[in-house]
1. Which pairs turn up if I take residues in the range 63-80 that are modelled with pLDDT of 85 or more and look for partners that are assigned to a loop (DSSP other than H, G, I, E, B) and among the small types (Gly, Ala, Ser) with beta carbon separation below 6 Å, at least 6 apart in sequence or on another chain?
2. Would you please name the residue that is surrounded by the fewest Cβ atoms within 10 Å (Cβ to Cβ), looking only at residues in the range 110-150 that are under 17 Å from Trp161 (Cβ atoms) and among the aliphatic types (A, V, I, L, M)?
3. Are any residues in the range 133-164 modelled with pLDDT under 95 and not in a strand (DSSP E or B), and if so, which ones?
4. Answer with yes or no whether Gly172 is open to solvent by less than 70 Å² (accessible area, probe 1.4 Å), in contact with a Phe, Trp or Tyr (Cβ under 9 Å, 6 or more places away or on another chain), within 16 Å of Gly53 (Cβ to Cβ) and not acidic (Asp, Glu).
5. For the list (1) over 15 Å from Tyr170 (Cβ atoms); (2) open to solvent by less than 30 Å² (accessible area, probe 1.4 Å), I need the number of the one condition that Thr99 fails.
6. Condition test on Thr59, is it among the hydroxyl-bearing types (Ser, Thr, Tyr), in contact with a Ser or Thr (Cβ under 7 Å, 6 or more places away or on another chain), surrounded by 15 or more Cβ atoms within 10 Å (Cβ to Cβ) and modelled with pLDDT of 95 or more?
Amino acid sequence: MSSGWDRRSVLRTSAGLTATGALTGLAVGGETAHAAEGRPTTGKLPKPPSAKGAADRFTGDVWVDNLVAGEAPSRLRASMVRFAPCSRTAWHRHDHGQTLHVTEGIGFVQARGGKLIVMRAGDIIHTPPGEWHWHGAAIEHCMVHLAMVETNGDGGDATEWGRLVTDEEYEGR
């Protein structure tokens with residue numbers, strides 16, 4: 001496979017399913033693998049519950065849906081994050097960088113020392129490894145993005161969180 005994805009990690013969620021429990025085979029060489037009893041193993045998994053963003057990491061009303069847990073051998077962690085108007089992350093950085101795909105609304109992203117960038121639905125934003133930044137919804141709009149990061153391979157978080165973004169920083173003053 002050339003996509004860079006491990007299909008098992010896409011099927012697993014924080015619902016506690018393992019690769020063996022969620023999937024007994026993968027497509028190999030263009031052929032579909034089947035369970036021992038000969039039936040396909042692709043299926044719909046339960047959706048993990050939404051979690052309120054922690055007050056030490058977010059300002060305002062933010063909800064996070066963790067979609068992919070980053071369990072070995074995959075290192076991908078993906079979350080759908082919903083921001084109410086004026087809500088935002090704290091300053092943070094990721095060991096391996098971060099990619100955001102904005103799915104709805106209007107928001108802002110800013111690297112430390114950089115200019116405030118407006119994000120709109122369809123935009124893809126990349127923050128390189130180790131760069132301090134924040135992101136959130138615009139003043140009068142909600143914003144939803146898919147956040148994708150890599151873990152350090154041990155399942156642990158590869159994100160370092162800093163202080164909350166001030167109103168002055170958020171407003172670009």
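1. Qualifying pairs under 6 Å: Trp63/Ser50; Val64/Gly53; Asp65/Ser50; Asn66/Ser14; Arg75/Gly153; Leu76/Gly70; Arg77/Gly70.
2. So, considering only residues that are under 17 Å from Trp161 (Cβ atoms) and among the aliphatic types (A, V, I, L, M), the one surrounded by the fewest Cβ atoms within 10 Å (Cβ to Cβ) is Ala111.
3. Once the filter is applied, which keeps residues that are modelled with pLDDT under 95 and not in a strand (DSSP E or B), the range 133-164 yields Thr151, Asn152, Gly153, Asp154, Gly155, Gly156, Asp157, Ala158.
4. No: the conditions fail for Gly172.
5. For Thr99, the exception is condition (2).
6. yes
The values are calculated or read from the model by the stated rules, or taken from the named source; none is laboratory data. Since the structure is predicted, the reported quantities are computational estimates derived from the model, not experimental observations. All Cβ positions, even for glycine, are placed from backbone atoms using ideal geometry, and neighbour counts span all protein chains on display. All accessible areas refer to the heavy atoms of the entire protein, side chains included, with ligands and DNA or RNA removed. Shrake-Rupley method; radii C 1.70, N 1.55, O 1.52, S 1.80 Å.
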